[in-house]
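One structure is given here, and the rest of the page talks about it.
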């Protein structure tokens with residue numbers, strides 16, 4: 001056990017005794033997500049370093065405070081990558097914060113989400129106990145994949161100490177195509193790609209154009225380009241990085257920003273505002289001054305849900321409100337892992 005994990009365990013033990021809420025803080029790059037943090041800071045960024053990485057095994061294990069940039073540099077050196085292309089949202093982004101927020105980039109629909117890459121973890125729970133789940137360490141006899149439960153939990157269930165992730169080789173070739181079209185046509189194009197044997201690993205719609213990124217062998221990419229047509233964007237990497245990191249002008253309009261998740265083939269939603277479509281149409285960003293209640297109602301009618309991302313009213317419910325039975329399940333999970341309610345209290349939902 002490292003000195004840093006021992007110190008964190010002692011801080012949790014002391015917080016239990018004093019009933020002091022703890023705000024888990026890594027690189028602080030995603031502090032804007034969710035409700036405002038509460039309580040005493042539990043620093044996690046010093047608990048860092050890659051523990052084990054053998055490129056032949058396609059698995060990397062690192063401490064949660066390890067900078068995301070350090071991990072990606074090590075993988076790039078071996079010609080590999082994180083499958084889910086995570087956004088950083090800052091130079092100090094850590095592995096733990098990325099996994100805790102469950103964030104995935106443009107490649108997500110085609111190579112899987114952060115949850116799909118998670119193989120195992122080491123966790124400090126709300127009883128100040130160290131637990132290991134998944135990977136080669138422990139098999140959950142009840143059939144529950146506890147390590148993946150931590151992905152997207154926003155640190156409300158415990159402190160991630162270590163994560164083991166599946167990685168993949170980088171594709172030999174990559175090419176980005178662009179077509180000018182209306183939003184409805186773009187949705188049709190991107191949806192069709194999901195059912196075709198085409199090496200697509202990103203597709204989005206922005207400012208009247210659909211962007212399609214191909215990745216795979218030289219021959220596969222060349223053949224797909226011949227079949228799909230469209231103009232080629234030279235050096236498209238900066239565009240995809242700006243999309244992933246939300247650096248495009250669209251994300252800085254000054255209007256409240258909402259994350260809308262729907263089925264990819266869902267027709268354009270009749271909600272006023274500016275739209276940017278990612279994940280082949282499944283993840284849609286909306287910049288709008290419309291009331292949150294109206295936005296939720298319109299998205300719910302299409303079978304989707306909404307997260308208030310930035311600039312929303314302080315009193316707004318940030319995440320999609322949960323039905324009573326599902327909220328009770330969340331409460332039971334919270335009670336099981338954090339019975340004293342000290343970790344990231346209220347970060348996702350009030351009273352949780």
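Details
- The stretch 266-352: mean projected area of Cα convex hull, nm²: 6.9
- For the stretch 138-225, the fraction of alpha-carbon pairs in successive 10 Å shells from zero, as %: 14, 29, 20, 26, 10, 0
- Within the chain, the percentage of alpha carbon pairs spaced more than 36 angstrom apart rounds to 23%.
- Kirkwood hydrodynamic radius of the stretch 71-139, from the reciprocal of the average inverse Cα-Cα distance over all distinct pairs: 13.6 Å.
- Folded to 0 to 90 degrees: helix 183-193 orientation relative to the chain principal axis, Cα: 80
- Against the main long axis of the alpha-carbon atoms of the chain, helix 292-301 sits at an angle near 70°.
- For the chain, built as a Gaussian network whose Cα springs stay under 10 Å, the top-fluctuating residue of 76, 164, 29: 76
- Axis of helix 218-228 versus longest Cα principal axis of the chain: the two differ by about 60°, to the nearest ten degrees.
- Kirkwood-Stokes translational diffusion coefficient of the stretch 185-314, alpha-carbon pairs, 4 °C, 1.567 mPa s, µm²/s: 82
- Antiparallel beta bridges, as assigned by DSSP with both residues in the chain, represent about 90 percent of the total such bridges.
- Gained length - residue 219 relative to residue 245, 0.36 nm times residue gap less alpha-carbon distance: 6.3 nm
- Taking each residue as 0.36 nm, the span from residue 72 to residue 252 lengthens on full extension beyond its C-alpha to C-alpha distance by 62.1 nm.
- q = 0.09, 0.13, 0.14, 0.20 Å⁻¹: log10 I(q)/I(0) that the Debye formula gives for the stretch 1-141, counting C-alpha atoms only: -0.29, -0.61, -0.71, -1.38
- The calculated 222 nm mean residue ellipticity attributable to helices in the chain amounts to -8000 deg cm²/dmol, summing -39500 (n - 2.57) over DSSP H runs of n ≥ 4 and dividing by all residues.
- With all pairs of different C-alpha atoms in the average, the Kirkwood value for the hydrodynamic radius of the stretch 177-240 is 12.0 Å.
- With Cα atoms defining each centre, the stretch 184-259 and the stretch 273-315 are spaced 21 Å apart in the structure.
Only the coordinates and a few stated rules stand behind these numbers; no lab work does. Just so it is clear, the model here is predicted, and its values are computed rather than measured.
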